[in-house]
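Below is one structure, written out as C-alpha coordinates, with a few remarks after it.
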Amino acid sequence: MDPSGRFYSDDSGASGEQFREEHLLPALQNLQPGEKIIVILDDGPESYGSSFLTEGFAGIVKYGYMEARPLLDALEIEYTDPDYEFFEKKIKKYISEAKFASKDYKSTK
Amino acid sequence: MKIYSRKQRERIVRWNIAHRKGLIHRKRTGSRSSTPSPAAASALHNWLTERTESGEINATINSKGFVTITLPRVMNFSDQYESTAVQINAIRKLAPRNRLFPNSLSLGLVNFDQLEAISTSAALVLTAELSKWDDHKRHRLLPRVDNWNPDIFSRFYQLGFFELFRKTAAVEKMALGVGGVGEVRLVQYIKEKTGAASKTRLLKEAITDIIGDNISKWPILNSGLSEAITNVSQHAYPESQGFSQDHKHWYLSGGYNPITKELKFVFYDQGIGIPNSLPSSEIWEKVVDFLSFVPAMERKHDELLLKAAVEIERTSTEESDRGKGLQDLLEFINERGQGYLSILSQHGLYKYSVKNGSSRVKSERFIYPIEGTLIIWKVTLIE
(Lines give C-alpha, C1' and ligand atoms only; values in the text may rest on other atoms or scores of the structure.)
Protein backbone atom coordinates (compact mmCIF):
# COMPACT_ATOMS: atom_id res chain seq x y z
CA MET A 1 0.00 0.00 0.00
CA ASP A 2 1.46 3.36 -1.01
CA PRO A 3 1.47 6.37 1.32
CA SER A 4 -1.34 8.63 0.18
CA GLY A 5 -3.78 11.16 1.52
CA ARG A 6 -3.76 13.54 4.39
CA PHE A 7 -6.23 12.15 6.93
CA TYR A 8 -7.61 8.82 8.05
CA SER A 9 -10.85 10.03 6.48
CA ASP A 10 -9.28 9.99 3.01
CA ASP A 11 -9.73 6.20 3.00
CA SER A 12 -6.27 5.59 1.59
CA GLY A 13 -5.33 3.23 4.40
CA ALA A 14 -1.90 4.87 4.59
CA SER A 15 -2.50 8.56 5.26
CA GLY A 16 -0.11 11.15 6.67
CA GLU A 17 -2.18 11.35 9.84
CA GLN A 18 -1.95 7.60 10.33
CA PHE A 19 1.81 7.57 9.71
CA ARG A 20 2.35 10.38 12.22
CA GLU A 21 0.10 9.09 14.96
CA GLU A 22 0.89 5.38 14.68
CA HIS A 23 4.54 5.36 13.61
CA LEU A 24 6.51 8.59 13.70
CA LEU A 25 5.18 10.03 16.96
CA PRO A 26 5.62 6.80 18.99
CA ALA A 27 9.13 6.44 17.55
CA LEU A 28 9.97 10.01 18.54
CA GLN A 29 8.56 9.49 22.03
CA ASN A 30 10.73 6.39 22.51
CA LEU A 31 13.87 7.98 21.14
CA GLN A 32 16.84 7.83 23.50
CA PRO A 33 19.48 10.59 23.69
CA GLY A 34 21.89 10.34 20.77
CA GLU A 35 19.53 8.15 18.73
CA LYS A 36 18.00 9.05 15.39
CA ILE A 37 15.05 7.76 13.42
CA ILE A 38 16.12 6.47 10.03
CA VAL A 39 13.45 7.12 7.40
CA ILE A 40 14.08 5.11 4.23
CA LEU A 41 12.10 6.69 1.44
CA ASP A 42 12.56 4.26 -1.44
CA ASP A 43 12.13 0.82 0.09
CA GLY A 44 8.76 0.19 -1.54
CA PRO A 45 6.60 3.31 -1.81
CA GLU A 46 6.17 4.71 -5.29
CA SER A 47 6.03 8.30 -4.08
CA TYR A 48 4.73 10.69 -1.43
CA GLY A 49 2.15 13.38 -2.11
CA SER A 50 2.41 16.71 -0.36
CA SER A 51 -0.77 16.00 1.61
CA PHE A 52 0.89 12.96 3.15
CA LEU A 53 4.17 14.74 3.83
CA THR A 54 2.71 17.88 5.39
CA GLU A 55 0.39 15.95 7.68
CA GLY A 56 2.84 13.14 8.42
CA PHE A 57 5.95 15.17 9.16
CA ALA A 58 5.04 18.87 9.53
CA GLY A 59 2.03 17.81 11.63
CA ILE A 60 4.44 16.93 14.45
CA VAL A 61 5.33 20.64 14.67
CA LYS A 62 1.90 22.04 13.79
CA TYR A 63 0.11 20.13 16.56
CA GLY A 64 2.81 21.03 19.10
CA TYR A 65 4.40 17.61 19.65
CA MET A 66 7.89 18.91 18.91
CA GLU A 67 9.63 22.03 17.56
CA ALA A 68 10.99 21.98 14.00
CA ARG A 69 14.72 22.03 14.80
CA PRO A 70 14.79 19.03 17.16
CA LEU A 71 12.51 17.13 14.76
CA LEU A 72 14.87 17.74 11.85
CA ASP A 73 17.78 16.68 14.06
CA ALA A 74 15.98 13.49 15.05
CA LEU A 75 15.40 12.35 11.46
CA GLU A 76 17.91 10.74 9.16
CA ILE A 77 16.44 10.43 5.69
CA GLU A 78 17.89 7.80 3.37
CA TYR A 79 17.33 6.64 -0.22
CA THR A 80 19.30 5.17 -3.07
CA ASP A 81 17.10 6.32 -5.98
CA PRO A 82 18.13 9.94 -6.72
CA ASP A 83 14.53 10.84 -7.65
CA TYR A 84 13.67 10.57 -3.95
CA GLU A 85 15.84 13.56 -3.08
CA PHE A 86 12.81 15.53 -4.24
CA PHE A 87 10.80 14.14 -1.29
CA GLU A 88 13.61 14.64 1.23
CA LYS A 89 13.71 18.32 0.31
CA LYS A 90 9.96 18.57 0.66
CA ILE A 91 9.94 16.90 4.09
CA LYS A 92 12.59 19.32 5.36
CA LYS A 93 10.85 22.31 3.79
CA TYR A 94 7.45 21.48 5.24
CA ILE A 95 8.89 20.85 8.72
CA SER A 96 10.86 24.10 8.63
CA GLU A 97 7.83 26.10 7.50
CA ALA A 98 5.38 24.62 10.02
CA LYS A 99 4.28 26.88 12.87
CA PHE A 100 4.71 25.24 16.26
CA ALA A 101 1.46 24.40 18.06
CA SER A 102 -0.56 26.44 15.56
CA LYS A 103 -3.45 23.98 15.50
CA ASP A 104 -5.26 21.63 17.88
CA TYR A 105 -5.23 18.04 16.78
CA LYS A 106 -8.56 16.30 16.31
CA SER A 107 -8.40 12.76 15.02
CA THR A 108 -10.34 12.03 11.83
CA LYS A 109 -10.34 8.31 12.59
CA MET B 1 -9.23 48.20 -16.99
CA LYS B 2 -7.72 45.38 -18.89
CA ILE B 3 -6.62 45.14 -22.50
CA TYR B 4 -7.82 42.00 -24.20
CA SER B 5 -6.35 40.45 -27.30
CA ARG B 6 -8.63 40.00 -30.28
CA LYS B 7 -8.89 36.28 -29.56
CA GLN B 8 -9.77 36.92 -25.90
CA ARG B 9 -12.37 39.52 -26.90
CA GLU B 10 -13.98 37.16 -29.38
CA ARG B 11 -14.11 34.45 -26.74
CA ILE B 12 -15.76 36.82 -24.22
CA VAL B 13 -18.33 37.93 -26.82
CA ARG B 14 -19.10 34.30 -27.69
CA TRP B 15 -19.48 33.48 -24.01
CA ASN B 16 -21.71 36.47 -23.28
CA ILE B 17 -23.98 35.72 -26.24
CA ALA B 18 -24.29 32.11 -25.12
CA HIS B 19 -25.01 33.27 -21.59
CA ARG B 20 -27.70 35.73 -22.69
CA LYS B 21 -29.39 33.08 -24.81
CA GLY B 22 -29.46 30.80 -21.81
CA LEU B 23 -27.20 28.30 -23.54
CA ILE B 24 -24.96 28.25 -20.49
CA HIS B 25 -26.41 27.21 -17.23
CA ARG B 26 -24.39 26.81 -14.12
CA LYS B 27 -25.27 25.74 -10.66
CA ARG B 28 -22.59 26.18 -8.05
CA THR B 29 -24.44 25.33 -4.91
CA GLY B 30 -27.40 23.37 -3.69
CA SER B 31 -28.15 19.71 -3.66
CA ARG B 32 -28.28 17.39 -6.65
CA SER B 33 -31.94 16.66 -7.05
CA SER B 34 -33.13 13.43 -8.60
CA THR B 35 -36.79 14.25 -8.11
CA PRO B 36 -38.74 13.71 -11.35
CA SER B 37 -39.65 17.08 -12.79
CA PRO B 38 -41.52 18.01 -15.98
CA ALA B 39 -39.72 21.36 -15.99
CA ALA B 40 -36.32 19.65 -15.95
CA ALA B 41 -37.45 17.28 -18.71
CA SER B 42 -38.63 20.24 -20.80
CA ALA B 43 -35.36 22.12 -20.21
CA LEU B 44 -33.40 19.07 -21.34
CA HIS B 45 -35.51 18.81 -24.50
CA ASN B 46 -34.91 22.49 -25.26
CA TRP B 47 -31.18 22.16 -24.57
CA LEU B 48 -30.85 19.27 -27.00
CA THR B 49 -33.09 20.84 -29.66
CA GLU B 50 -31.07 24.07 -29.68
CA ARG B 51 -27.80 22.23 -30.09
CA THR B 52 -29.17 19.91 -32.72
CA GLU B 53 -30.55 22.83 -34.72
CA SER B 54 -27.26 24.70 -34.46
CA GLY B 55 -25.42 21.60 -35.68
CA GLU B 56 -23.35 21.23 -32.53
CA ILE B 57 -24.85 17.83 -31.81
CA ASN B 58 -26.01 15.25 -34.34
CA ALA B 59 -28.96 13.74 -32.50
CA THR B 60 -32.14 11.94 -33.48
CA ILE B 61 -35.06 11.13 -31.20
CA ASN B 62 -37.34 8.13 -31.68
CA SER B 63 -41.01 7.94 -30.77
CA LYS B 64 -40.24 6.62 -27.28
CA GLY B 65 -37.96 9.53 -26.46
CA PHE B 66 -34.72 7.60 -26.89
CA VAL B 67 -31.93 9.72 -28.33
CA THR B 68 -29.17 8.61 -30.68
CA ILE B 69 -26.09 10.81 -30.59
CA THR B 70 -23.75 10.45 -33.55
CA LEU B 71 -20.26 11.53 -32.53
CA PRO B 72 -18.39 13.97 -34.80
CA ARG B 73 -15.40 13.05 -36.99
CA VAL B 74 -12.79 14.41 -34.59
CA MET B 75 -12.80 14.63 -30.81
CA ASN B 76 -10.10 16.20 -28.68
CA PHE B 77 -9.77 18.85 -25.99
CA SER B 78 -7.17 20.94 -27.82
CA ASP B 79 -8.41 22.35 -31.14
CA GLN B 80 -11.90 20.76 -31.02
CA TYR B 81 -12.69 21.51 -27.39
CA GLU B 82 -16.26 22.87 -27.62
CA SER B 83 -17.52 20.32 -30.15
CA THR B 84 -16.02 17.53 -28.01
CA ALA B 85 -17.25 18.79 -24.64
CA VAL B 86 -20.81 19.30 -25.87
CA GLN B 87 -21.07 15.59 -26.80
CA ILE B 88 -19.89 14.61 -23.33
CA ASN B 89 -22.32 17.09 -21.75
CA ALA B 90 -25.17 15.61 -23.80
CA ILE B 91 -24.36 12.07 -22.69
CA ARG B 92 -24.24 13.18 -19.02
CA LYS B 93 -27.55 15.03 -19.31
CA LEU B 94 -29.35 12.27 -21.22
CA ALA B 95 -28.16 9.38 -19.07
CA PRO B 96 -29.07 10.19 -15.47
CA ARG B 97 -29.54 7.42 -12.94
CA ASN B 98 -33.31 7.88 -13.21
CA ARG B 99 -35.30 9.43 -16.03
CA LEU B 100 -36.19 13.03 -15.25
CA PHE B 101 -39.86 12.37 -15.94
CA PRO B 102 -41.83 9.54 -17.57
CA ASN B 103 -41.25 9.71 -21.35
CA SER B 104 -38.60 12.43 -21.00
CA LEU B 105 -35.62 12.18 -23.32
CA SER B 106 -33.17 9.45 -22.51
CA LEU B 107 -29.97 8.26 -24.15
CA GLY B 108 -30.55 5.27 -26.41
CA LEU B 109 -27.38 4.98 -28.48
CA VAL B 110 -24.03 6.68 -28.94
CA ASN B 111 -23.01 6.13 -32.55
CA PHE B 112 -19.25 6.02 -33.19
CA ASP B 113 -19.54 5.28 -36.93
CA GLN B 114 -18.38 8.73 -38.13
CA LEU B 115 -15.58 9.09 -35.60
CA GLU B 116 -12.17 9.09 -37.32
CA ALA B 117 -9.81 10.54 -34.71
CA ILE B 118 -9.92 10.92 -30.94
CA SER B 119 -7.28 12.01 -28.45
CA THR B 120 -6.29 9.91 -25.45
CA SER B 121 -7.92 12.34 -23.05
CA ALA B 122 -11.18 12.58 -25.00
CA ALA B 123 -11.28 8.78 -25.27
CA LEU B 124 -10.86 8.44 -21.50
CA VAL B 125 -13.55 11.02 -20.70
CA LEU B 126 -15.95 9.46 -23.21
CA THR B 127 -15.26 6.02 -21.76
CA ALA B 128 -15.85 7.35 -18.25
CA GLU B 129 -19.21 8.85 -19.23
CA LEU B 130 -20.30 5.66 -20.97
CA SER B 131 -19.13 3.65 -17.97
CA LYS B 132 -21.29 5.84 -15.75
CA TRP B 133 -24.23 5.28 -18.10
CA ASP B 134 -23.56 1.54 -18.05
CA ASP B 135 -23.54 1.61 -14.23
CA HIS B 136 -26.94 3.29 -14.33
CA LYS B 137 -28.18 0.64 -16.77
CA ARG B 138 -26.84 -2.14 -14.53
CA HIS B 139 -24.30 -3.20 -17.14
CA ARG B 140 -26.79 -4.02 -19.87
CA LEU B 141 -25.25 -1.89 -22.64
CA LEU B 142 -23.84 -3.57 -25.72
CA PRO B 143 -21.49 -1.99 -28.29
CA ARG B 144 -22.38 -1.90 -32.01
CA VAL B 145 -19.04 -1.79 -33.75
CA ASP B 146 -19.77 -3.07 -37.27
CA ASN B 147 -19.23 0.31 -38.93
CA TRP B 148 -16.51 1.69 -36.68
CA ASN B 149 -13.31 3.05 -38.16
CA PRO B 150 -10.65 0.36 -37.47
CA ASP B 151 -8.27 2.93 -35.91
CA ILE B 152 -10.97 4.08 -33.53
CA PHE B 153 -11.81 0.50 -32.63
CA SER B 154 -8.13 -0.20 -32.01
CA ARG B 155 -7.80 2.83 -29.76
CA PHE B 156 -10.82 1.97 -27.64
CA TYR B 157 -9.86 -1.68 -27.56
CA GLN B 158 -6.45 -0.84 -26.11
CA LEU B 159 -8.07 1.54 -23.66
CA GLY B 160 -10.14 -1.32 -22.30
CA PHE B 161 -13.43 0.21 -23.38
CA PHE B 162 -14.89 -3.15 -24.37
CA GLU B 163 -14.19 -4.61 -20.93
CA LEU B 164 -17.23 -2.64 -19.86
CA PHE B 165 -19.51 -4.83 -21.91
CA ARG B 166 -20.34 -8.42 -22.66
CA LYS B 167 -18.19 -9.52 -25.60
CA THR B 168 -20.06 -9.70 -28.91
CA ALA B 169 -19.01 -11.60 -32.01
CA ALA B 170 -18.47 -8.31 -33.88
CA VAL B 171 -16.08 -7.05 -31.21
CA GLU B 172 -14.12 -10.27 -31.19
CA LYS B 173 -13.87 -10.21 -34.99
CA MET B 174 -12.61 -6.63 -35.11
CA ALA B 175 -10.23 -7.28 -32.21
CA LEU B 176 -8.25 -9.58 -34.52
CA GLY B 177 -7.13 -6.50 -36.48
CA VAL B 178 -5.99 -4.45 -33.49
CA GLY B 179 -2.37 -3.29 -33.46
CA GLY B 180 -0.01 -2.00 -36.08
CA VAL B 181 3.21 -0.03 -36.15
CA GLY B 182 3.20 3.69 -35.63
CA GLU B 183 -0.07 3.99 -33.75
CA VAL B 184 -0.44 5.65 -30.41
CA ARG B 185 -0.43 2.86 -27.89
CA LEU B 186 -2.82 3.28 -25.00
CA VAL B 187 -2.87 1.77 -21.55
CA GLN B 188 -6.02 0.04 -20.40
CA TYR B 189 -7.85 2.54 -18.25
CA ILE B 190 -8.09 2.19 -14.50
CA LYS B 191 -11.37 3.01 -12.76
CA GLU B 192 -11.27 3.19 -9.00
CA LYS B 193 -13.06 4.69 -6.06
CA THR B 194 -11.45 6.98 -3.47
CA GLY B 195 -8.16 5.89 -2.03
CA ALA B 196 -6.61 3.05 -4.06
CA ALA B 197 -3.55 5.18 -4.83
CA SER B 198 -1.53 1.99 -5.28
CA LYS B 199 -3.41 1.34 -8.53
CA THR B 200 -1.12 3.85 -10.23
CA ARG B 201 1.47 1.06 -10.22
CA LEU B 202 -0.59 -0.64 -12.93
CA LEU B 203 -0.19 2.42 -15.13
CA LYS B 204 3.54 2.49 -14.48
CA GLU B 205 3.93 -1.18 -15.40
CA ALA B 206 1.86 -0.83 -18.56
CA ILE B 207 3.68 2.28 -19.79
CA THR B 208 7.05 0.77 -18.94
CA ASP B 209 6.11 -2.26 -21.06
CA ILE B 210 5.16 -0.01 -23.96
CA ILE B 211 8.19 2.26 -23.97
CA GLY B 212 10.55 -0.56 -22.98
CA ASP B 213 12.26 1.52 -20.33
CA ASN B 214 11.67 3.08 -16.94
CA ILE B 215 9.81 6.37 -16.83
CA SER B 216 12.27 9.00 -15.73
CA LYS B 217 10.95 10.98 -12.72
CA TRP B 218 8.05 8.55 -12.26
CA PRO B 219 7.97 9.10 -8.45
CA ILE B 220 7.36 12.81 -9.08
CA LEU B 221 4.49 12.09 -11.47
CA ASN B 222 3.13 9.53 -9.04
CA SER B 223 3.07 12.08 -6.24
CA GLY B 224 0.92 14.30 -8.50
CA LEU B 225 -1.41 11.38 -9.20
CA SER B 226 -1.54 10.65 -5.47
CA GLU B 227 -2.63 14.23 -4.82
CA ALA B 228 -5.25 14.05 -7.58
CA ILE B 229 -6.66 10.93 -5.90
CA THR B 230 -6.61 12.65 -2.50
CA ASN B 231 -8.50 15.56 -4.07
CA VAL B 232 -11.19 13.11 -5.19
CA SER B 233 -11.56 11.95 -1.57
CA GLN B 234 -11.56 15.39 -0.01
CA HIS B 235 -13.17 17.80 -2.44
CA ALA B 236 -14.52 16.41 -5.71
CA TYR B 237 -17.69 14.68 -4.51
CA PRO B 238 -19.08 16.55 -1.50
CA GLU B 239 -21.81 14.71 0.36
CA SER B 240 -23.49 18.07 0.96
CA GLN B 241 -24.25 18.13 -2.78
CA GLY B 242 -25.82 14.70 -2.86
CA PHE B 243 -22.78 12.58 -3.70
CA SER B 244 -22.33 9.24 -2.00
CA GLN B 245 -19.38 6.84 -1.83
CA ASP B 246 -20.76 5.14 -4.95
CA HIS B 247 -20.11 8.29 -7.00
CA LYS B 248 -16.49 8.78 -6.01
CA HIS B 249 -14.77 7.35 -9.06
CA TRP B 250 -11.56 8.39 -10.74
CA TYR B 251 -10.17 7.25 -14.07
CA LEU B 252 -6.60 7.01 -15.24
CA SER B 253 -4.88 6.10 -18.47
CA GLY B 254 -1.80 6.86 -20.52
CA GLY B 255 -0.52 6.63 -24.05
CA TYR B 256 2.69 6.67 -26.00
CA ASN B 257 3.34 7.63 -29.60
CA PRO B 258 6.52 5.88 -30.76
CA ILE B 259 6.81 8.19 -33.78
CA THR B 260 6.70 11.50 -31.94
CA LYS B 261 8.02 9.97 -28.67
CA GLU B 262 5.21 11.76 -26.86
CA LEU B 263 4.10 10.29 -23.57
CA LYS B 264 0.77 11.30 -22.10
CA PHE B 265 -0.95 10.58 -18.78
CA VAL B 266 -4.60 11.42 -18.21
CA PHE B 267 -6.56 11.55 -14.93
CA TYR B 268 -10.26 12.30 -14.74
CA ASP B 269 -12.92 12.57 -12.06
CA GLN B 270 -16.62 13.33 -12.57
CA GLY B 271 -17.05 15.50 -9.49
CA ILE B 272 -17.98 19.15 -9.00
CA GLY B 273 -14.68 20.47 -10.36
CA ILE B 274 -11.93 22.48 -8.69
CA PRO B 275 -13.53 25.94 -9.20
CA ASN B 276 -16.74 24.80 -7.50
CA SER B 277 -14.88 23.21 -4.60
CA LEU B 278 -12.88 26.33 -3.71
CA PRO B 279 -15.55 28.36 -1.84
CA SER B 280 -15.72 25.72 0.91
CA SER B 281 -11.95 25.23 1.14
CA GLU B 282 -9.51 26.90 3.53
CA ILE B 283 -7.82 28.74 0.69
CA TRP B 284 -11.00 30.53 -0.44
CA GLU B 285 -10.08 33.80 1.32
CA LYS B 286 -6.71 33.74 -0.37
CA VAL B 287 -8.39 33.07 -3.71
CA VAL B 288 -10.64 36.09 -3.20
CA ASP B 289 -7.61 38.12 -2.24
CA PHE B 290 -5.64 36.87 -5.25
CA LEU B 291 -8.45 37.88 -7.57
CA SER B 292 -9.01 41.29 -6.01
CA PHE B 293 -7.23 42.95 -8.95
CA VAL B 294 -9.65 41.33 -11.39
CA PRO B 295 -12.91 43.12 -12.33
CA ALA B 296 -15.71 41.90 -10.03
CA MET B 297 -17.68 40.44 -12.95
CA GLU B 298 -14.84 38.08 -13.80
CA ARG B 299 -13.93 36.80 -10.36
CA LYS B 300 -16.08 33.72 -10.64
CA HIS B 301 -14.68 32.71 -14.00
CA ASP B 302 -13.47 29.16 -13.73
CA GLU B 303 -10.19 29.73 -15.54
CA LEU B 304 -9.28 32.49 -13.07
CA LEU B 305 -10.32 30.40 -10.07
CA LEU B 306 -8.19 27.54 -11.36
CA LYS B 307 -5.23 29.81 -11.89
CA ALA B 308 -5.67 31.34 -8.45
CA ALA B 309 -5.81 27.91 -6.79
CA VAL B 310 -2.56 26.79 -8.42
CA GLU B 311 -0.70 30.08 -8.07
CA ILE B 312 -1.65 30.54 -4.40
CA GLU B 313 -0.21 27.16 -3.58
CA ARG B 314 2.95 28.01 -5.48
CA THR B 315 3.57 31.09 -3.38
CA SER B 316 2.00 30.28 -0.03
CA THR B 317 4.07 28.85 2.80
CA GLU B 318 1.07 28.21 5.00
CA GLU B 319 -0.71 24.91 5.24
CA SER B 320 -4.16 24.48 3.89
CA ASP B 321 -6.63 21.63 3.60
CA ARG B 322 -5.48 21.26 0.00
CA GLY B 323 -1.89 20.83 1.09
CA LYS B 324 0.32 21.66 -1.82
CA GLY B 325 -1.62 19.24 -3.96
CA LEU B 326 -2.14 21.29 -7.10
CA GLN B 327 1.49 22.29 -6.98
CA ASP B 328 2.45 18.62 -6.99
CA LEU B 329 0.78 18.28 -10.38
CA LEU B 330 3.27 20.70 -11.91
CA GLU B 331 6.38 19.13 -10.49
CA PHE B 332 6.65 16.31 -13.03
CA ILE B 333 6.87 18.85 -15.85
CA ASN B 334 9.35 20.98 -13.89
CA GLU B 335 11.55 18.00 -13.11
CA ARG B 336 11.44 16.71 -16.69
CA GLY B 337 12.35 20.19 -17.94
CA GLN B 338 9.88 20.07 -20.84
CA GLY B 339 6.26 19.25 -21.59
CA TYR B 340 2.96 20.53 -20.30
CA LEU B 341 0.30 20.02 -17.68
CA SER B 342 -3.30 20.90 -18.48
CA ILE B 343 -6.02 21.10 -15.85
CA LEU B 344 -9.49 21.37 -17.34
CA SER B 345 -12.27 21.80 -14.85
CA GLN B 346 -15.77 23.12 -15.47
CA HIS B 347 -15.40 26.02 -17.93
CA GLY B 348 -11.74 26.68 -17.25
CA LEU B 349 -8.34 25.60 -18.49
CA TYR B 350 -5.03 26.09 -16.71
CA LYS B 351 -2.08 25.05 -18.84
CA TYR B 352 1.48 25.08 -17.55
CA SER B 353 4.18 24.37 -20.06
CA VAL B 354 7.95 24.25 -19.89
CA LYS B 355 10.16 24.60 -22.96
CA ASN B 356 13.85 25.40 -23.25
CA GLY B 357 14.06 26.02 -19.51
CA SER B 358 11.31 28.60 -19.27
CA SER B 359 7.75 28.11 -18.07
CA ARG B 360 4.55 29.59 -19.41
CA VAL B 361 1.01 29.67 -18.02
CA LYS B 362 -2.09 29.89 -20.18
CA SER B 363 -5.68 30.27 -19.03
CA GLU B 364 -8.76 29.86 -21.17
CA ARG B 365 -12.50 29.87 -20.69
CA PHE B 366 -14.86 27.59 -22.55
CA ILE B 367 -18.59 27.64 -23.26
CA TYR B 368 -19.16 23.96 -22.48
CA PRO B 369 -17.81 22.54 -19.24
CA ILE B 370 -15.78 19.52 -18.38
CA GLU B 371 -18.09 18.10 -15.73
CA GLY B 372 -15.39 17.19 -13.27
CA THR B 373 -11.65 17.63 -13.50
CA LEU B 374 -9.41 16.40 -16.30
CA ILE B 375 -5.67 16.49 -15.76
CA ILE B 376 -3.25 15.82 -18.63
CA TRP B 377 0.52 15.52 -18.47
CA LYS B 378 2.44 15.38 -21.74
CA VAL B 379 6.18 15.01 -22.12
CA THR B 380 8.48 13.94 -24.92
CA LEU B 381 10.98 11.19 -24.33
CA ILE B 382 14.47 12.32 -25.23
CA GLU B 383 17.02 9.71 -26.23
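In the range A:26-47, comparing the full protein assembly with the chain on its own, the residues that lose 20 Å² or more of accessible surface at a 1.4 Å probe are A:GLU46, A:SER47. Backbone geometry of the range B:168-173 corresponds, through the Karplus equation with coefficients 6.51, -1.76 and 1.60 at θ = phi - 60°, to 3J(HN,Hα) couplings of 10, 4, 5, 5, 5, 5 Hz, x marking Gly and Pro. Evaluate the Debye formula for the range B:132-252 with equal point scatterers sitting on the alpha carbons, no solvent, and hand back log10 of I(q)/I(0) at q = 0.12, 0.14, 0.15, 0.18 Å⁻¹, in q order, two decimals. Computed log10 I(q)/I(0) values: -0.60, -0.79, -0.88, -1.08.
What residues does the range B:189-215 have that are buried by at least 40 Å² of accessible area in the full protein assembly compared to the chain on its own, 1.4 angstrom probe? Checking the loss per residue gives B:SER198, B:ARG201. For the pair B and A, the buried accessible area comes to roughly 2300 Å² in total, with a 1.4 Å probe and the value rounded to the nearest 100. Across B:ARG185, B:ARG336, the residue with the most accessible area heads the list, and the full order at a 1.4 Å probe is B:ARG185, B:ARG336. On the protein assembly as shown, 49 percent of the accessible area sits on carbon and sulfur atoms, based on a 1.4 Å probe.
Pairs of alpha-carbon atoms within less than 8 angstrom and 6+ residues apart define the contacts here; what relative contact order does chain B have, in percent? Across chain B, relative contact order equals 14 percent. Computed 3J(HN,Hα) for the range A:6-22, one whole-Hz value per residue from the Karplus formula 6.51 cos²θ - 1.76 cosθ + 1.60 where θ = phi - 60°, is 8, 10, 3, 5, 7, 6, 7, x, 8, 7, x, 4, 5, 4, 5, 6, 9, glycine and proline marked x. The residues of chain B have, on average, 46 Å² of accessible surface per residue, using a 1.4 Å probe with all protein chains present. Checking the Cα-Cα distances for B:LYS286/B:LYS307; B:LYS261/B:LYS378; B:LYS64/B:LYS93; B:LYS204/B:LYS378; A:LYS92/B:LYS351; B:LYS261/B:LYS355 against a 19 Å cut-off, the pairs over it are A:LYS92/B:LYS351.
Sort the range A:8-97 into rounded, prolate or oblate with this rule: let a ≥ b ≥ c be the square roots of the eigenvalues of the Cα gyration tensor; rounded if a/c is under 1.5, and if a/c is not under 1.5, prolate when a/b is larger than b/c, oblate otherwise. Note, shape of the range A:8-97 comes out rounded. Computed on chain A, with alpha-carbon pairs under 8 angstrom and 6+ residues apart, the relative contact order is 31 percent.
Around the Cα centre of the protein assembly as shown, unit charges on the Cβ atoms of Lys, Arg, Asp and Glu (plus for the first two, minus for the last two) sum to a dipole of about 2240 debye.
The value of relative contact order for the range B:149-193, using C-alpha pairs under 8 Å at least six residues apart, is 56 percent. At q = 0.06, 0.07 Å⁻¹ the log10 of I(q)/I(0) for chain B amounts to -0.23, -0.31, computed by Debye summation with a single uniform scatterer per C-alpha, solvent ignored. Amide H to amide H distances under 5 Å link A:ALA98 with no residue, where only residues 5 or more positions off or on other chains count and H is placed in the peptide plane. Of the whole protein surface, B:VAL184 contributes about 40 Å² of accessible area at a 1.4 Å probe radius.
For B:MET75, the residues whose modelled amide H falls within less than 5 Å of its own, excluding neighbours fewer than 5 places apart on the same chain, are B:ALA117, B:ILE118, B:SER119.
Here chain B carries DSSP beta bridges of which approximately 85% are antiparallel, counting only pairs with both residues inside. What fraction, in whole percent, of alpha-carbon pairs in the protein assembly as shown exceed 35 Å separation? Summing the P(r) of the protein assembly as shown above 35 Å gives 36 percent of all pairs. In order along the range B:253-266, phi translates into HN-Hα couplings of 8, x, x, 9, 9, x, 6, 8, 6, 8, 10, 10, 10, 10 Hz, rounded to whole numbers, per the Karplus curve 6.51 cos²θ - 1.76 cosθ + 1.60 with θ = phi - 60° and x for Gly and Pro. Here, the range B:59-207 is characterised by an Rg to Rh ratio of 0.96, where Rg is the alpha-carbon radius of gyration and Rh the Kirkwood radius. Grab the other residues whose beta carbon is less than 12 angstrom from that of B:ARG155, score K and R as +1, D and E as -1, and report the net. Value of the local net charge: -2. Rolling a 1.4 Å probe over the protein heavy atoms gives the range A:8-97 an accessible area of 43 Å² per residue.
For A:ASP2, nonlocal amide neighbours, meaning residues 5 or more places apart or on other chains whose placed amide H falls under 5 Å from its own, are B:SER198.
The values are calculated or read from the model by the stated rules, or taken from the named source; none is laboratory data. The structure displayed is predicted, hence computed values, not measured ones. Counting neighbours? That spans all protein chains shown, and the Cβs are built from the backbone with ideal geometry, glycine included. Ligands, DNA and RNA are excluded from the accessible area calculation, which covers all protein heavy atoms including side chains. Shrake-Rupley method; radii C 1.70, N 1.55, O 1.52, S 1.80 Å.
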